[in-house]
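Asks: Here it is, the structure in full.
Please treat every number below as a calculation from the coordinates, not as lab data. Source: prediction; values computed, not measured. For neighbour counting, all protein chains shown are included, and Cβ atoms are generated from backbone atoms with ideal geometry for every residue, glycine included.
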Amino acid sequence: MNRNYLSAALAGTAIVSTIVMTQTQPTFALTGVEINNIAREVTVLIKDPEGEGHGSGVIIAKEGNTYYVLTANHVVSYETQYNLVTGDKQGYAIDYSKIQRLNGVDLAIVPFTSDKDYRIAKLANTNTVQQGQSVFISGWPATSQSIQEVTRQFTSGIVSSLLEQPRSDGYALVYDSVTRRGMSGGPVFDSEGRVIAIHGLGDAETRDQVQSVSPNAPGIESVADLIGSGFNLGIPITIYLQTAPGSNIFLTVQVENTPVQQAVVDYTPPAQPDPRDTMNINQVFSNINEGLNTINRGVDTFRRVCGFFGCR
């Protein structure tokens, strides 16, 4: 195995982190079930407890007891107290001030601290992606009229195109997988279980096209924004790697440069959702708040004792 090391000093500190680039021998594609097992462990849910929506993300690095989640910036775009839920349904409060945003693209790094051992996603250089190869998207979509519980979805499709010129916000990978609101920020996998992009946009029919069908229907042009064209967009990992250093983000991540050995992998979702992929989101956040209240009560008790005895 050949290893190339790209390192840089973090501005303003003596800390040096390294992006590890690995070249590995060719491997065979995994089954859809095997890729889903990886996705289950590395995909997280990110939610504003005071809001109705949520997004997704993927664990890409760890330093000490701090894990780093890559997600879409619009998932954590406004200042509030976000919570994060891992694949084992453990909830963590997020320090908003520690969220790092990548310059000029719709990506962000969300850190959380845990003494648990969580899987770290393996990344793949998007330069190895080929049109027509299989991709898989993992995320926690919002509930719908038919699906009333919060259930992680794992969908498959193919790469339909790679934009020669990425959008100004970084989106460049186009695929035909089924996605829903709430899956933004979730990982896009290749058939070796490596993250090749971060999902964030669902294409919609143009207003002119929809209006041409029902030109006399009032407000019909606004309906276009709700009708998916079937195409979705993700930000390639290559753009993350190119943008992170300029944004003062230096994390140790594993990146493979070898192309997949099988272009198309079949995946048939199970008839019933795996219980590991369902979540009582209110209960998870209730546990987070209970833990924070316990900490706050302890701090208050300490302050009262110190006030009485004169702690230093």
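Asks: Show me, for region 186-191, the HN-Hα J-couplings you get by feeding each phi into the Karplus relation (A = 6.51, B = -1.76, C = 1.60, θ = phi - 60°), rounded to Hz, glycine and proline as x.
Replies: In residue order, the calculated couplings are x, x, 10, 9, 8, 7 Hz.
Asks: Give me the number: length gained by fully extending residue 41 to residue 97, i.e. 0.36 nm times residue separation minus the C-alpha to C-alpha distance, one decimal in nm.
Replies: Here the segment from residue 41 to residue 97 would lengthen by 17.6 nm.
Asks: Then there's this: For the pair residue 168 and residue 119, what calculated FRET efficiency results from E = 1/(1 + (r/R0)^6), where r is the Cβ-Cβ distance and R0 = 30 Å, to the nearest 0.05?
Replies: Between residue 119 and residue 168 the formula returns 0.35.
Asks: Another question, then. Under 12 Å from the Cβ of residue 73, count the other residues' Cβ atoms, weight Lys and Arg +1, Asp and Glu -1, and hand me the total.
Replies: Here the charged neighbours net out to -1.
Asks: If you plug each phi of region 131-138 into the Karplus form 6.51 cos²θ - 1.76 cosθ + 1.60 with θ = phi - 60°, what whole-Hz ³J(HN,Hα) values come out, in order, with x for Gly and Pro?
Replies: Along region 131-138, the couplings run 4, x, 7, 6, 9, 9, 10, 10 Hz.
Asks: A further question on this structure: So what J values fall out for region 240-249 if you push phi through Karplus, 6.51 cos²θ - 1.76 cosθ + 1.60 with θ = phi - 60°, rounded to Hz, Gly and Pro as x?
Replies: 4, 4, 6, 8, 4, x, x, 9, 6, 10
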